[in-house]
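Below you'll find the structure, written out as structure tokens, and then a few comments.
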Amino acid sequence: MSAIWGIVDLSVAQSEAQRKNRAGNLWEEALRMRQAYRTSCLDRIQEKREATYYLACGVQNVTREAVEERFPYERKGERRSLFVADVILDNRGELVQRFGGIRDLCSHPDGEILYESFCSHPKETLAVARGAYACAYLEPGKRTLTLFNDAVGNRSVYYFQEEKRVYFSTLLAGITCERENWKENTGWFDRFYTIRDLRAVSEPRETPYAGILRLAPGEIVVFTEEGVHRRDYWDPFAGRRILRGKTEAGYRELVTTVFRHCVEDVIREGRGGKETGILLSGGLDSNAVAAYAAPYLAARGKKLYSFTAVPEEKERARIPGQYAVEDERSSVELVRRFYGNLEPEYLVTNRGDLLAENRRLREVLEVPCKAVLNLPWMYESYRLAAQKDCGILLSGQYGNITISYGDFRSLFLTLLHQGRIKELVREINVYSRKYRRSRKRIWRDLLTAEAGGDHEAVSRYMYDKSALRQIGEYEVKLSLATGVVPRDPTRDKRLIALVLSLPVEQFTHAGQERRLVRQYLQGKIPEEILADEFHKGRQGVGSGELLALQWERICEELSGIPGETMSGENGHSKADMVRGFYVGLAQEYRRRFEV
């Protein structure tokens, strides 16, 4: 993996003096842009500059092949082109087989394979390539710059255009360094404050800076003298068809085969024996990933290093009858004994200075965030993974809407809207008996429900570009700060396409939700975890307790916290404190726009 940055001048200078002046300015800007990466974890920087462009790539030697990268790649002649990429491919062999030109896979790095494929078959490459990548493709003779990234936004770049000059950069600082004063994007901040949950963005392209945009997942942007052309090259909803008629065994084989490949394909052999880590909880998402990652690594004599947030050093007992599990050590220990090659690391979250940690983290992420309780321990997990020489850090962050999705209400509304009343009656009866819920209340809720909420509506979130952008934006910054590359098999484009094709009853049926994991991964995950439908882990519990303990001091030191979140007749709720905290941090961030 790597970071990319550059400047491309698409203008046609009128005189030699103008050309020299613009070239001189470009070089000064290039030096500032390069300086923005001085603290990033990069093994080397490869760059090229001419009068009308500057292209650079900071390479991380995460995979064995990355050592051989030689950016920018270039084809000379009449159709001259240059290429830089932040890339790790999951289907190197498929690209080579389909588009030819490179036969000896072991001797060619991912960037070269993607470049050769894109040069010869650009549209087909965008459709076929899988992995984590953001790329810049320059055709100097045509004065054309093309930026594109992977379909689910694992990687991306920011970009800005001014007077026919295009700036692009993996880090926001690579662009903001080019001028002292920027205007804030007030719409971005308005939406940030208005959304009452932990979504920081509701739009996949905009940033806090007016005029600076970011590639949306699965987007290609082409800059020419005439203007800018954008298009989405991957739409899993186009031509969507529900896959019916398979037996239960057939669905199981399909799901497990696709998901196994999603997991195994992201585990790459690293230079010097790089290790693999995982953000692991007691839940189904990360355990589904571990179910295939641990055996795959064990067969190669390797360990899987796990990182789990816990509230305190001594294990906290479960409270009888309480749904939320505050300490997931016992579940992780079950997983450790089950696989034999898992090496757990527990991160205590009720220590430290929460305000100082979030201020540091905000500078790493470069944008305001809302997950003020979870992101600090996630950042610490990345740093610990780096200490254990992990090149790849697995997770299951997107699993709730893909591999482990399942929701009773969505099933009930879908059956109601489709007129499948007999099935609906059976499902409600089973659910009512199992969970001791009133059938009368269930029916009243369904019959008075507003539009939406059925599987057709909920499944739109299975490919949610705003959510994917937010996850990817944070992951890229944490990766550059630590040298560890995050990979989440639960948001692989193959898995997204698959879950969009499955009937609703494959996710929830006969009193059981999240069936793709609970049913289809039996024997691959400890039974105690699969069978536990009455508890759910609460991550970052210690951070929440720390917030309550430090709240008064935070309010004193952090101006901009809304008054309604600071006090109340019933004291401070956790939700109020979290909202007050992230709003205060965002208000502090906004001061950089003041002139």
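The values are calculated or read from the model by the stated rules, or taken from the named source; none is laboratory data. Quick caveat: nothing in here was measured; it's all calculated off a predicted structure. Positions of Cβ are backbone-derived with ideal geometry, glycine not excepted, and every protein chain shown enters the neighbour counts. What goes into the accessible areas is simple: the full protein's heavy atoms, side chains included, and nothing from ligands, DNA or RNA. Shrake-Rupley method; radii C 1.70, N 1.55, O 1.52, S 1.80 Å.
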Tell me, yes or no, whether region 1-16 has at least one residue that is under 28 Å from the mean Cα position of the chain (by Cα), at pLDDT 90 or above and under 22 Å from ILE392 (Cβ atoms). yes
VAL255 versus (1) open to solvent by less than 10 Å² (accessible area, probe 1.4 Å); (2) under 30 Å from THR349 (Cβ atoms): which is the lone unmet condition? (2)
Those residues of region 540-559 which are assigned to a helix (DSSP H, G or I) and buried (at least 17 other Cβ atoms within 10 Å of the Cβ), in sequence order: VAL541, GLY542, SER543, GLY544, GLU545, LEU546, LEU547, GLN550, TRP551, ILE554, CYS555
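Mind telling me which of the residues ALA294, ALA309, ALA290 ends up being open to solvent by less than 50 Å² (accessible area, probe 1.4 Å) and either modelled with pLDDT under 95 or closer than 24 Å to VAL578 by Cβ (or both)?
Among ALA294, ALA309, ALA290, only ALA309 is open to solvent by less than 50 Å² (accessible area, probe 1.4 Å) and either modelled with pLDDT under 95 or closer than 24 Å to VAL578 by Cβ (or both).
Scan region 129-147 for residues that are open to solvent by less than 20 Å² (accessible area, probe 1.4 Å), on the phi < 0 side of the Ramachandran plot and touching an Asp or Glu at 6+ places or on another chain (Cβ under 7 Å) and jot them down. Spell out the reasoning first.
Taking region 129-147 as the starting set, the residues that turn out to be open to solvent by less than 20 Å² (accessible area, probe 1.4 Å) are 129, 131-136, 138, 144-147.
Those left that are additionally on the phi < 0 side of the Ramachandran plot: 129, 132-136, 138, 144-147.
Of everything in region 129-147, those that are open to solvent by less than 20 Å² (accessible area, probe 1.4 Å), on the phi < 0 side of the Ramachandran plot and touching an Asp or Glu at 6+ places or on another chain (Cβ under 7 Å) turn out to be ALA132, TYR133, ALA134.
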Quick check on region 322-377: of everything there that is touching a strand residue (DSSP E or B) at 6+ places or on another chain (Cβ under 6 Å) and among the acidic types (Asp, Glu), which residue is surrounded by the fewest Cβ atoms within 10 Å (Cβ to Cβ)? GLU343
So which of ARG444, ARG460 ends up being under 15 Å from THR402 (Cβ atoms) and surrounded by fewer than 22 Cβ atoms within 10 Å (Cβ to Cβ)? ARG460
Out of everything in region 157-203 that is aliphatic (A, V, I, L, M) and under 18 Å from the mean Cα position of the chain (by Cα), what residue ends up being farthest from GLU588 (Cα to Cα)? VAL157
Could you list, in sequence order, the residues of region 483-530 that are within 16 Å of GLY153 (Cβ to Cβ), part of a helix (DSSP H, G or I) and hydrophobic (A, V, I, L, M, F, W, C)? LEU495, ILE496, ALA497
Elements of type helices (runs of 4 or more DSSP H) in region 366-474, at least 1 residues being of a type in the set (Gly, Ala, Ser) and out of contact with any Asp or Glu (no Cβ under 7 Å at 6 or more places or on another chain): 375-387, 421-435, 455-458
How many residues are touching a helix residue (DSSP H, G or I) at 6+ places or on another chain (Cβ under 8 Å) and either in a helix (DSSP H, G or I) or at pLDDT below 95 (or both) when one looks only at region 127-153? 1
Of everything in region 200-248, what is touching an Asp or Glu at 6+ places or on another chain (Cβ under 6 Å) and open to solvent by 40 Å² or more (accessible area, probe 1.4 Å)? Give them in sequence order. ASP232
Of all residues in region 33-82, count the ones that are buried (at least 20 other Cβ atoms within 10 Å of the Cβ) and either under 18 Å from ALA134 (Cα atoms) or modelled with pLDDT of 95 or more (or both). 23
Matching option when the condition is open to solvent by less than 10 Å² (accessible area, probe 1.4 Å), within 24 Å of VAL222 (Cβ to Cβ), in contact with a helix residue (DSSP H, G or I) (Cβ under 6 Å, 6 or more places away or on another chain) and among the hydrophobic types (A, V, I, L, M, F, W, C), among ALA85, ALA30: ALA85
Residue selected from region 177-199 under the condition surrounded by fewer than 14 Cβ atoms within 10 Å (Cβ to Cβ) and in contact with a Phe, Trp or Tyr (Cβ under 9 Å, 6 or more places away or on another chain), by the criterion farthest from GLY153 (Cα to Cα): ASN181
For region 240-255, does any single residue satisfy the condition of being in contact (Cβ under 8 Å) with a residue 60 or more places away in the chain and closer than 25 Å to TYR474 by Cβ? no
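Of the residues GLY483, GLY452, GLY472, only one is open to solvent by 10 Å² or more (accessible area, probe 1.4 Å), closer than 27 Å to GLU269 by Cα and not aromatic (Phe, Trp, Tyr); which?
Matching residue, one of GLY483, GLY452, GLY472: GLY483.
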